[in-house]
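Written out below as C-alpha cells is the structure these notes cover.
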Amino acid sequence: MNARTTRTLAAALSLTAALAISGCSGSEDEASKPAPTVSGAFMPQPVNDKMAGAFMVIKNDSKTADKLTGVTSSLSDDLQIHETKNQKMQQVQSLDVPANGELKLARGGDHIMFMGLKSTPKVGDKVTIELRFEKAAPVKVEVEVKERTYNTAQAPTSTAGNGH
C-alpha cells in the first residue's frame, strides 16, 4: 500500500467516523425537540359566521421552549393568534410554549380566533385545526363545539379517552 492509498483510506475512515458521530448527536436532538400535546380543546358555538374562538392547553414536555406560530383550518381562511393584556385583545405573530410547561388558551386570555367562518358549526360538531410551531412538527387537533356558556372550570378535569 503506497502513501497516497493510505491517505485516501485514512480520509475515508475519518469521514465515516464524523458521519457516525453526527448521526448519534442527531438522535439526542430529536429527544430534546418539542413534541407538544393538546388537551381540552373546545370552541363555544359561534353566534354567527363572522368569528369564533378556540381554547385549549398546549403542553410541552421537552427541555426546549417553542412558539405557536400559526393555525390552519378548513372552517376559515383567516385564523389568528390573539393575546389578551390589560383586558385588550390583539393579534400576535406567536405565543410562547415554555420548556417543560404549557400554554393555556382560555376565555378572557390568549386564544385562537377564526375570522369569516365558511359555515357555522353547531354544538357537538368537531372542527379540525392544525397548530404550527417554530420548532415542533405540526399538530392536528379536533376542537369540539360546546354550548356558548361552556366553562372549563365546570368540566371534568380528566381528558383521558378524548383523543388528545
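Largest first, how would Lys88, Lys122 line up by accessible area (1.4 Å probe)? Please list the in-between numbers first.
Values: Lys88 145, Lys122 110 Å².
Result of the area sort, largest leading: Lys88, Lys122.
Provide the per-residue ³J(HN,Hα) series for the stretch 56-65, in order, calculated from phi with Karplus coefficients 6.51, -1.76, 1.60 and θ = phi - 60°, each as a whole number of Hz, with x at glycine and proline positions.
For the stretch 56-65, the Karplus curve yields 5, 10, 9, 9, 10, 8, 8, 7, 10, 5 Hz.
Gly53's amide H: which non-local residues (gap 5+, or another chain) put their own amide H closer than 5 Å, with H modeled 1.01 Å from N in plane and none for Pro or chain starts?
Phe114
Could you count how many Lys pairs in the stretch 91-155 have their Cα atoms under 15 Å apart, skipping same-chain pairs fewer than 8 positions apart? Before the final figure, lay out the partial values.
Working: Lys118/Lys126; Lys122/Lys146; Lys126/Lys140; Lys126/Lys146.
Total qualifying Lys-Lys pairs in the stretch 91-155 comes to 4.
List, in order, the whole-Hz ³J(HN,Hα) value for each residue of the stretch 67-75 obtained from phi through the Karplus relation with A = 6.51, B = -1.76, C = 1.60 and θ = phi - 60°; use x for Gly and Pro.
Per residue, the Karplus-derived 3J(HN,Hα) values read 9, 7, 10, x, 9, 10, 6, 6, 6 Hz.
According to a simple spin-label model (label point 7 Å from Cα along Cα-to-Cβ), what is the distance in nm between Ser39 and Thr69?
Going from the Thr69 label point to the Ser39 one covers 2.7 nm.
How would Thr128, Thr149 line up by accessible area, probe 1.4 Å, largest first?
Reading off the accessible areas and sorting them downward yields Thr149, Thr128.
Suppose the chain between Lys88 and Ser32 were pulled fully straight at 0.36 nm per residue; how much longer would it get relative to their current alpha carbon spacing?
Numbers: separation 56, 0.36 × 56 = 20.16 nm, distance 3.51 nm.
Working it through step by step, the gained length comes to 16.7 nm.
Given the protein chains as shown and a 1.4 Å probe, how many square angstrom of Ile81 are accessible, to the nearest 10?
Looks like 10 Å² after rounding.
Computing the accessible area with a 1.4 Å probe over protein heavy atoms, can you report the carbon and sulfur percentage for the stretch 29-115?
Answer for the stretch 29-115: carbon and sulfur cover 47 percent of the accessible area.
Would you mind counting up the charge near Asp110? Only other residues with Cβ under 13 Å from its Cβ, with Lys and Arg at +1 and Asp and Glu at -1. Intermediate values should be presented prior to the final figure.
Values: positive: Lys67, Lys85, Lys88, Lys104, Arg107; negative: Glu83, Asp96, Glu102.
Residues close to Asp110 contribute a combined charge of +2.
Students often forget the sequence filter, so: which aspartates and glutamates lie under 19 Å Cα-Cα from Lys33 once same-chain residues fewer than 8 apart are removed?
Asp61, Asp66, Asp96, Glu102, Glu130, Glu134
Counting Lys and Arg as +1 and Asp and Glu as -1, what is the net charge of the other residues whose Cβ lies under 12 Å from the Cβ of Val141?
Values: positive: Lys126, Arg132, Lys140; negative: Glu130, Glu142, Glu144.
In short, 0.
Please report the spacing between the Cα centers of the stretch 39-56 and the stretch 81-116 in Å, no decimals.
13 Å
Just how much of Asp66 is accessible, in Å², when a 1.4 Å probe is used and the result is rounded to the nearest 10?
10 Å²
In sequence order, what are the phi-derived ³J(HN,Hα) couplings for the stretch 81-96 according to the Karplus relation 6.51 cos²θ - 1.76 cosθ + 1.60 with θ = phi - 60°, rounded to whole Hz, with x for glycine and proline?
Computed from phi, the couplings for the stretch 81-96 are 9, 10, 10, 10, 10, 6, 6, 10, 8, 8, 6, 10, 6, 7, 10, 6 Hz.
The values are calculated or read from the model by the stated rules, or taken from the named source; none is laboratory data. The shown structure was predicted, so the numbers you read here are calculated from the model rather than taken from an experiment. A quick note on method: Cβ atoms are made from the backbone with ideal geometry, for glycine too, and the neighbour counts reach across all protein chains shown. These area figures cover heavy atoms from the full protein model, side chains too; ligands, DNA and RNA do not enter into them. Shrake-Rupley method; radii C 1.70, N 1.55, O 1.52, S 1.80 Å.
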